[in-house]
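The values are calculated or read from the model by the stated rules, or taken from the named source; none is laboratory data. Please read all numbers here as calculations on a predicted model, not as lab measurements. Cβ placement follows ideal geometry from the backbone for every residue including glycine, while neighbour counts extend to all protein chains displayed.
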Amino acid sequence: MFRGIIKYVAFFGVLVGIAIVTRVLEQVVENASPKGFKTNDGGQLVSLSPTNTDIPSSPVANTAQTQLKKTVDQSKTGEKKAVKASPPKTIVYAVTPTYARFLQKAELTRLSQTLKHVKDFHWIIVEDSHEKTPLVTRFLARSGLNYTHLNIRTPVELRPLKNKPRWTKARGVEQRNIAIKWLRDNVNINKTNAVVYFADDDNTYDIRLFEEMRNIKKIGVWPVAFTGAARYAGPLCKNGRVVGFYTNWRPTRTFPLDMAAFAINVKRLIVDKPKAHFDADAKPGDLENSFLEQVGTREDLEPRASNCSKVYVWHTRTETPIKNINGEKLLISKGKPSNPDVET
């Protein structure tokens with residue numbers, strides 16, 4: 001009898017335990033239902049999609065979500081506008097005529113060390129030669145610069161005579177013209193904003209000059225030291241306009257400027273003035289003037305270098321080492337020339 005009672009109590013305890021566990025599970029399910037679950041009438045778990053949950057939406061939460069979405073959308077729109085507003089890079093093309101001489105490599109080396117510091121730059125170097133010379137070819141390959149190597153020989157009738165001053169013949173005409181042709185053939189102005197500058201290999205340049213010319217729309221101008229038969233020569237500027245020129249040599253020219261005193265937007269040469277070129281028949285000292293007369297008017301000139309008040313380019317010339325040249329000639333005559341494999 002006593003054992004029967006114990007069994008009955010034990011069985012009743014199990015039922016109570018099951019009931020307690022069931023109630024606990026139901027409570028857990030009820031607490032979990034806001035996260036996407038609930039119990040149906042049969043006590044089974046039912047998964048809910050976010051759109052079918054029984055939690056009512058909160059006005060505060062909705063407002064916060066709406067504001068967050070608006071902020072994100074505005075941020076994306078701002079990023080798109082920022083990308084569209086970013087100006088394209090301006091490529092500076094520098095055209096340098098060069099010819100074989102005792103100082104050629106020294107001049108090119110000095111110039112290239114300056115040009116290495118100019119960003120978004122392309123060097124067009126044109127040899128006055130029937131063929132590209134090994135010296136210049138090797139030099140450019142080692143230069144680390146973006147470059148184009150061209151060559152064209154100056155016709156005999158245009159070459160300066162040895163017994164005449166250098167200025168009696170315009171130099172570098174054919175070389176500059178073939179570089180202009182290359183620009184017209186290779187620069188896509190619909191994709192590239194660019195300016196061209198005619199940089200002789202014996203001048204001295206401040207790298208600030210190349211930054212000054214990047215935003216030129218037509219023709220940019222500035223002073224050049226040691227030219228025009230004076231300490232410097234160039235445009236006279238006032239309030240962002242060219243009002244005259246300062247020079248001590250033939251001031252009556254329309255554009256009394258040195259070759260180093262101006263740069264031109266490439267679009268000007270390709271679209272606006274597609275036939276502009278350097279004229280080999282120009283009078284001595286008139287090469288720059290005759291070219292600029294084809295390209296624009298005084299109203300097209302854009303002052304640079306702090307309203308034409310600073311000098312960033314010097315018309316220099318390295319002294320030819322006559323003593324060394326004559327000494328080498330003497331060694332050659334004695335059959336004892338220096339080692340030709342040592343390139344200078």
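Please go through region 169-193 and give me each residue that is in contact (Cβ under 8 Å) with a residue 24 or more places away in the chain, in a loop (DSSP other than H, G, I, E, B) and farther than 18 Å from L108 by Cα, ordered by number. Correct list: K169, A170, V187, I189, T192. The set of residues in region 200-214 that are surrounded by fewer than 21 Cβ atoms within 10 Å (Cβ to Cβ) and of a type in the set (A, V, I, L, M, F, W, C) contains only I207.
At least 2 residues being among the polar types (S, T, N, Q), within 30 Å of the chain's Cα centre (by Cα) and surrounded by 13 or more Cβ atoms within 10 Å (Cβ to Cβ) is the threshold, and among the strands (runs of 3 or more DSSP E) wholly inside region 80-168 those reaching it are 90-98, 147-151.
Among the numbered conditions (1) surrounded by fewer than 18 Cβ atoms within 10 Å (Cβ to Cβ); (2) touching a strand residue (DSSP E or B) at 6+ places or on another chain (Cβ under 6 Å), the only one that Y197 does not meet is (1).
For region 260-315, a residue qualifies if it is of a type outside the set (G, A, S), surrounded by 14 or more Cβ atoms within 10 Å (Cβ to Cβ) and part of a loop (DSSP other than H, G, I, E, B), and the qualifying residues are K273, H277, F278, D279, D286, R304, K310, V311, Y312, H315. Give the residues of region 234-255 that are among the aromatic types (F, W, Y) and more than 13 Å from R298 (Cα to Cα), sorted by residue number. Selection gives Y246, W249. Condition test on T297, is it modelled with pLDDT under 90 and out of contact with any strand residue (DSSP E or B) (no Cβ under 7 Å at 6 or more places or on another chain)? Taking the combined requirement at face value, the residue does not satisfy it.
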